[in-house]
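Before any comments, here is the structure.
The values are calculated or read from the model by the stated rules, or taken from the named source; none is laboratory data. Treat the numbers as computed from the prediction; the structure is a model and nothing was measured. When we count neighbours, we look across all protein chains shown, and the Cβ atoms used for this are built from the backbone with ideal geometry, even at glycine. Quick note on the areas: whole protein, heavy atoms, side chains included, nothing else; ligands and nucleic acids left out. Shrake-Rupley method; radii C 1.70, N 1.55, O 1.52, S 1.80 Å.
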Amino acid sequence: MDKCIFCQIASHHIPADVISESDDVMAFADINPATKGHILVIPKSHTTNLFDIDEALFIKVLQLAKRIVRIMPEALGCSGVNLFHSAGESAWQEVMHFHLHIVPRYNKEELRRPFVSTPANKAELKEIASALSQKLGNK
Ligand code: 5GP
Ligand code: ZN
């Protein structure tokens, strides 16, 4: 994965403002922050997104995210956070190396939700729930 930008950050071939690092995971500042303190958490080994990440590695990413989120209010003065992850181009993923965004939120800033929620068709909800639950093997 020579050309992957986050692999190069993980191996320190490209600089980043790293805030935490272990053998498996790393967190660094997003170069185009959505808000002050926007952080990305990545596995150091190349994996594309939530569809293919190893479950144990995903847990390590989440554990590091949890540690970071816990100290953000005191460190940054934020009053909330959004976590988000884009899996696939259709979901806006641009860098094809797994990353979890941590976006600190402040009381008076102008970020807007990227989607508008609309009331569901009840029959369709039942169909979808049933299709997913059958695939999961739930009874
Ligand atoms: P995506 O749209 O794939 O979910 O998010 C990719 C994120 O990576 C973007 O928020 C973008 O600003 C960030 N990013 C892209 N290239 C670099 C880089 O070279 N260094 C850092 N620190 N962040 C990057
Ligand atoms: Zn990579």
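Just checking the listed ones, 20, 45, 90: in the Gaussian network model of the chain with Cα springs under 10 Å, the one fluctuating most is 90.
With a ≥ b ≥ c taken as the square roots of the eigenvalues of the C-alpha gyration tensor of the stretch 78-139, please select rounded if a/c is under 1.5 and otherwise prolate if a/b is larger than b/c or oblate if it is not? The shape class here is prolate. With respect to the chain, whose longest principal axis is taken over its alpha-carbon atoms, helix 122-136 is tilted by about 60°.
Using Cβ point charges alone (K and R +1, D and E -1), the dipole size of the stretch 5-135 about the Cα centre works out to roughly 540 debye. Can you return the lysines within cross-link range of residue 135? Criterion is Cα-Cα under 18 Å, with same-chain partners fewer than 8 residues away left out. Candidates past the 8-residue exclusion: 126. Highest GNM mean-square fluctuation among 46, 99, 13, for the chain modelled with Cα contacts below 10 Å: 13. In the chain, the longest principal axis of the Cα atoms and the axis of helix 55-76 are about 70 degrees apart.
Can you give the helix-only mean residue ellipticity at 222 nm for the chain, where every DSSP H stretch with n ≥ 4 adds -39500 (n - 2.57) and the sum goes over all residues, rounded to the nearest 500 deg cm²/dmol? Could you put the intermediate results ahead of the total?
Details: 3 runs with 43 residues, N = 139.
About -10000 deg cm²/dmol.
The phi-based Karplus calculation (6.51 cos²θ - 1.76 cosθ + 1.60; θ = phi - 60°) puts the 3J(HN,Hα) values of the stretch 104-117 at x, 10, 10, 4, 10, 9, 9, 4, 10, 4, x, 9, 10, 7 Hz, whole numbers, x for Gly and Pro.
Considering all C-alpha pairs of the chain, those separated by over 27 Å amount to 32%. Residue pairs exceeding 28 angstrom between C-alpha atoms, taken from 44/108; 66/108; 3/60; 36/60: 44/108. Between residue 56 and residue 74, the modelled label-to-label distance comes to 3.2 nm, taking each label 7 Å out from Cα in the direction of the beta carbon.
Largest mean-square fluctuation among 89, 127, 21, in a Gaussian network model of the chain whose springs join Cα atoms under 10 Å apart, belongs to 127. Taking every alpha-carbon pair under 8 Å whose residues sit at least 6 apart, the chain reaches a relative contact order of 23 percent.
Ligands, DNA and RNA left out, the accessible area of the stretch 5-135 computed with a 1.4 Å probe is 55% carbon and sulfur. Distance between the C-alpha centers of the stretch 26-53 and the stretch 80-107? Whole Å please. Cα centroid of the stretch 26-53 versus Cα centroid of the stretch 80-107: 8 Å apart. Using a 4.7 Å Cβ-Cβ cutoff, the cysteines of the chain lacking any partner cysteine are 78.
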